[in-house]
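Notes follow once the structure below has been shown.
The values are calculated or read from the model by the stated rules, or taken from the named source; none is laboratory data. All of these numbers come straight from a predicted model, not from anything done at the bench. Positions of Cβ are generated from backbone atoms using ideal geometry, with glycine treated the same way; all protein chains shown enter the neighbour counts.
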């Protein structure tokens with residue numbers, strides 16, 4: 001078995017070389033064409049390769065467990081960029097239910113609602129009931145804390161959490177931490193974790209073995225993507241300093257409604273697509289507002305992210321699947337240009 | 001058709017006049033001679049415009065959100081705070097004391113503006 005794993009790693013390294021994806025390129029990897037990008041991490045070596053090329057191989061690897069990330073459902077949004085966000089959330093749930101590897105749970109990285117209205121949360125709850133995975137972990141987005149400092153959110157989704165809704169849990173050897181970086185935002189700033197939460201995080205991670213795979217998830221990216229649009233978290237460096245000693249760290253975010261990935265040392269960052277509407281690439285539009293795409297293309301820019309965790313091999317594969325693709329299989333994605341080294345600086 | 005024309009004459013003219021006043025207000029601001037009739041700030045593309053407005057004591061400033069995304073208008077120093085304003089919703093505040101009032105959108109804190117009351 002170890003040979004098989006080594007073969008896979010070799011294959012991936014080979015692909016990495018063939019793809020010519022250097023570190024800078026990897027920073028800018030974007031799956032704009034609505035395809036997927038798989039990456040694995042083995043022993044701290046990040047390896048990216050085209051989903052279309054290797055998905056078949058990947059499907060043959062048994063993961064210790066799988067979970068799915070969905071994000072930015074914005075239930076209640078009804079503008080031209082997507083007049084029916086409940087329907088696209090439903091499509092996302094159908095997609096999750098059709099996954100060959102049944103996910104152990106779902107993580108929702110925030111912006112459940114558009115305006116924090118009880119009726120919007122009700123609709124979300126109703127939709128999520130249809131998901132085969134019954135356990136769902138949430139963190140709030142700024143849209144979920146609009147009217148009441150997040151009281152409504154905490155009552156519904158944050159029972160037993162600390163502060164504005166942060167918490168951690170363990171699952172099959174991996175340690176998951178849900179962070180809140182949308183509360184008490186300061187004028188002129190970006191996302192913020194705050195002193196109290198940072199102290200809690202430091203304490204939460206203390207004493208854990210460095211070989212424990214760590215997954216941090218929060219709404220706004222915990223790495224600075226585009227400060228002009230507030231796409232970052234002011235005090236994320238502090239949080240990340242606490243995870244440096246761990247061999248495998250994965251950071252999952254939403255907020256920017258598009259896939260972006262970056263690897264820094266042993267920390268892999270990833271943002272998910274929205275289930276509601278796309279947003280423009282950084283700096284390519286006057287603002288980060290909802291992006292209107294032709295109706296027949298909408299499902300290519302919305303999607304879900306599933307994560308296959310191979311704890312024993314400390315390897316992790318993230319697959320982004322647009323709603324428009326039938327299943328995350330090679331045939332569904334063939335022909336899409338995957339790794340595009342676009343947008344410099 | 002005639003009815004429509006009359007309607008336009010009666011109702012649209014004041015609106016057009018109001019628009020002209022709006023257009024004129026930035027120059028009035030520049031001269032520190034803003035009227036107390038009301039000053040408008042619009043939110044477009046995640047920006048408060050104009051970013052700084054100067055008004056006399058007693059003036060009411062009205063913010064209107066033109067984005068597809070909700071925003072708020074919140075005084076950095078806790079003087080005023082709007083509810084969340086969705087598309088085309090407004091928020092007004094009357095400034096009764098002179099001073100400089102920085103504010104921001106608490107949802108998108110990169111959005112900032114200032115009201116100067118003289």
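Observations
- Top-ranked residue in the stretch A:161-205 [being farther than 30 Å from residue B:104 by Cα, at pLDDT 95 or above and not in a strand (DSSP E or B); ranked as nearest to the other protein chains (Cβ to nearest Cβ)]: A:202
- Among residues of the stretch A:107-148, those that are within 13 Å of another protein chain (Cβ to nearest Cβ) and either in a loop (DSSP other than H, G, I, E, B) or surrounded by fewer than 24 Cβ atoms within 10 Å (Cβ to Cβ) (or both), counted: 12
- Matching residues, the stretch A:181-197, being surrounded by fewer than 23 Cβ atoms within 10 Å (Cβ to Cβ) and more than 21 Å from the chain's Cα centre (by Cα): A:184, A:186, A:187, A:188, A:189, A:194, A:195, A:196
- Scoring residue B:113 on the criteria (1) assigned to a strand (DSSP E or B); (2) more than 8 Å from chain A (Cβ to nearest Cβ); (3) surrounded by fewer than 22 Cβ atoms within 10 Å (Cβ to Cβ) leaves a single failure, condition (3).
- Meets criteria (surrounded by fewer than 22 Cβ atoms within 10 Å (Cβ to Cβ), away from chain B (no Cβ under 14 Å), out of contact with any helix residue (DSSP H, G or I) (no Cβ under 6 Å at 6 or more places or on another chain) and modelled with pLDDT of 95 or more) for residue A:241: yes
- Qualifying residue in the stretch B:62-70 (condition: exposed (fewer than 15 other Cβ atoms within 10 Å of the Cβ), touching a strand residue (DSSP E or B) at 6+ places or on another chain (Cβ under 7 Å), modelled with pLDDT of 95 or more and within 14 Å of another protein chain (Cβ to nearest Cβ)): yes
- Evaluation of residue B:38 against (1) more than 10 Å from chain A (Cβ to nearest Cβ); (2) modelled with pLDDT of 95 or more (one fails), failing number: (2)
- Matching residues in the stretch A:149-172 - criterion: being under 20 Å from the mean Cα position of the chain (by Cα), surrounded by fewer than 20 Cβ atoms within 10 Å (Cβ to Cβ) and at positive phi: A:172
- Residue within the stretch B:90-109 that is on the phi > 0 side of the Ramachandran plot, touching a helix residue (DSSP H, G or I) at 6+ places or on another chain (Cβ under 9 Å) and within 14 Å of chain A (Cβ to nearest Cβ) present: no
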